[in-house]
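The structure appears below as structure tokens.
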Amino acid sequence: MIRRLFALPALVLLWLALLTGVASAHVDVEAEQALAGATTTLTFSFHHGKDGTATTGLEVLLPPGTTVVDVPAVEGWQSAVDEATGTVTWTGGPVPDGTEARLPVVVSLPTTPGEVLFKTIQTTEAGELAWIEEDDSEAEGRYPAPRLTLAPNPAASTTAPGETTTTTAEATITTQRRPGTTLEAEQRDDGNNDMAPWLIGSGIVALVAVAIGGYALKRRSDAAG
């Protein structure tokens with residue numbers, strides 16, 4: 001009975017230590033520039049494993065709208081990008097428990113400001129740790145996903161990608177007559193005021209009269225002879 005009483009505080013301390021280890025364990029993400037739509041370097045870091053074991057892999061699910069630009073090389077690690085699933089994966093190590101590791105990736109962030117999650121699976125020699133919960137509480141049994149809060153980008157363009165802005169000046173059409181213009185010449189003296197047909201008709205009549213008079217004179221001359 002005495003042994004149990006003395007052993008109880010030790011068990012309590014061990015239980016509290018385990019809980020503290022779970023609460024403090026996490027995967028962090030840092031951004032050089034946490035601006036919506038920015039191209040920046042994200043760095044994922046951790047310093048623990050599961051049950052004191054080493055870490056051998058990290059898989060990150062990128063938030064919608066994120067594009068991987070480059071994955072810088074890290075000694076001892078291999079990286080892979082799956083565009084179809086939107087994931088970037090590192091395998092290698094192993095990184096002993098209690099040792100910090102930092103894995104960078106260059107991305108184009110989503111264009112909408114606000115909080116974005118980077119749900120992560122950490123592979124260790126004792127199994128996986130799924131850092132995927134949307135609740136950011138680090139209480140007992142919680143595994144919050146790494147997250148960033150994207151600020152509005154002051155340099156963002158107001159025109160969506162692929163769109164162009166075209167300004168077309170409205171054409172002004174007027175029928176007002178202007179002196180000396182073609183429009184005035186075409187519209188001036190329209191209808192019955194046009195004198196050209198009368199002049200042409202008068203010329204034809206005069207020619208016909210001259211022809212008839214010449215023919216009559218010729219007939220008289222022939223008759224007199």
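The values are calculated or read from the model by the stated rules, or taken from the named source; none is laboratory data. As the structure is a computational prediction, the values presented were derived from the model and not from experiment. Backbone-built Cβ (ideal geometry, glycine too); neighbour counts: all protein chains shown. Please note that ligands, DNA and RNA were not included when accessible areas were found on the heavy atoms of the full protein model with its side chains. Shrake-Rupley method; radii C 1.70, N 1.55, O 1.52, S 1.80 Å.
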Handout entry: Set Val60, Val107, Val71, Val81: member being touching a Ser or Thr at 6+ places or on another chain (Cβ under 6 Å), aliphatic (A, V, I, L, M) and without any contact (Cβ under 8 Å) to a residue 40 or more places away in the chain
Key = Val71
Problem - Leading residue by the ranking (most open to solvent (accessible area, probe 1.4 Å)) among those in the range 69-78 that are touching a Gly at 6+ places or on another chain (Cβ under 9 Å) and part of a strand (DSSP E or B) - result: Gln78
Handout entry: Any hit, the range 58-67, residues being of a type outside the set (Phe, Trp, Tyr), open to solvent by 30 Å² or more (accessible area, probe 1.4 Å) and either more than 19 Å from Ile132 (Cα to Cα) or at pLDDT below 95 (or both)
Key = yes
Exercise for the section: Please tell me if Thr99 is touching a His at 6+ places or on another chain (Cβ under 9 Å) and of a type in the set (Ser, Thr, Tyr). Expected result: yes
Exercise for the section: Considering (1) modelled with pLDDT of 95 or more; (2) under 27 Å from Gly37 (Cβ atoms), say which one Asp136 fails and leave the rest. Expected result: (1)
Practice task
Among the candidates Thr91, Thr53, Thr41, single out the residue that is open to solvent by less than 60 Å² (accessible area, probe 1.4 Å), assigned to a strand (DSSP E or B), among the polar types (S, T, N, Q) and out of contact with any helix residue (DSSP H, G or I) (no Cβ under 7 Å at 6 or more places or on another chain).
Solution key: Thr41
Handout entry: Selection count, the range 105-135, where residues are surrounded by fewer than 18 Cβ atoms within 10 Å (Cβ to Cβ) and in a strand (DSSP E or B)
Key = 9
Exercise for the section: Sort through Arg102, Arg142, Arg147 and tell me the only one that's at pLDDT 50 or above, open to solvent by less than 60 Å² (accessible area, probe 1.4 Å) and among the charged types (D, E, K, R). Expected result: Arg147
